[in-house]
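First comes the structure, then the notes that go with it.
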Amino acid sequence: MADHHRADLLERATDYVLAHGLIGLSLRPLAAELGTSDRMLIYHFGNRDALVSAVVARSNERAMTAVAALVPAPTVRSGINRLWAAYRTEPLSSCLDVYCQAAATGLIGREPYLTDARASAAGWVTTLQDYLVRCGAPPRRVARIVTLVDSALYGFHLDLIIDDVVELARGVDDLARAAEALARA
């Protein structure tokens, strides 16, 4: 029963963070929103760090599920453009925001977040590799393509707050062309 209650709290806490962000997260307002107390959150997660770590990991799982569900595109280039379109919509947009907020606040750079971030990143990379292989990327080159694409798309995602969306789409397509050329090399 406690495991089920913890899982339910984690899902609802993740929903809350996806809607409100991670920066400035406080246990009392979160607990009130979830209809529980901050003491119950501590009981189920141990401490705030463990709760935040679990929320970031759950958000990443949701993002991986969304990418895995994408219909493969006929080419690597169109697959990357399709991936970018998914990054700009829910649930990926909020999931990427949470990951960026966690990284920006320094949570990812120290334990327990460093180990969790590495585990999440490994799953994320595998999910992107699987998707791009379904779009025609050769398995022997897909790791290299994902290294290029993943970092660049995170950068484009961060630029959404300050740059022209049309110009960003052109930049993503330039990236997609480069990845397509790498896939064909």
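When segment 129-185 is filtered for residues that are outside any helix (DSSP H, G or I) and either surrounded by 14 or more Cβ atoms within 10 Å (Cβ to Cβ) or among the aliphatic types (A, V, I, L, M) (or both), the ones remaining, listed by number, are Cys135, Gly136, Ala137, Pro138, Arg141, Leu160, Ile161, Ile162, Ala185. Suppose the filter is assigned to a helix (DSSP H, G or I) and closer than 18 Å to Tyr99 by Cα; does Ala122 pass it? Yes, satisfied. Any residue that is surrounded by fewer than 18 Cβ atoms within 10 Å (Cβ to Cβ), under 13 Å from Asn60 (Cα atoms) and either out of contact with any Gly (no Cβ under 8 Å at 6 or more places or on another chain) or among the aromatic types (Phe, Trp, Tyr) (or both) - is there at least one of those in segment 104-120? Looking for residues that are surrounded by fewer than 18 Cβ atoms within 10 Å (Cβ to Cβ), under 13 Å from Asn60 (Cα atoms) and either out of contact with any Gly (no Cβ under 8 Å at 6 or more places or on another chain) or among the aromatic types (Phe, Trp, Tyr) (or both), one finds at least one in segment 104-120, hence yes. Scanning segment 45-61 turns up one or more residues that are closer than 30 Å to Pro139 by Cβ, of a type in the set (A, V, I, L, M, F, W, C) and surrounded by fewer than 20 Cβ atoms within 10 Å (Cβ to Cβ). Of the residues Arg177, Arg140, Arg134, Arg170, which is within 18 Å of Pro74 (Cα to Cα) and more than 22 Å from the chain's Cα centre (by Cα)? Within the list Arg177, Arg140, Arg134, Arg170, the selection yields Arg177.
When Thr126 is tested against (1) at negative phi; (2) in contact (Cβ under 8 Å) with a residue 40 or more places away in the chain, exactly one condition is not met: (2). The requirement of being more than 15 Å from the chain's Cα centre (by Cα), over 19 Å from Ala57 (Cβ atoms) and hydrophobic (A, V, I, L, M, F, W, C) is fulfilled nowhere in segment 86-99; no residue meets it.
The criterion of at least 2 residues that are basic (Lys, Arg), within 23 Å of Ala117 (Cβ to Cβ) and touching a residue at least 24 places away in the same chain (Cβ under 8 Å) is met by the following helices (runs of 4 or more DSSP H) wholly inside segment 9-89: 48-68.
Coordinate-derived values only; no laboratory data. Predicted model, so just to flag it, every value in this text is computed and none were measured. Heads up, the Cβs are rebuilt from the backbone with ideal geometry, glycines too, and the neighbour counts pull from every protein chain shown.
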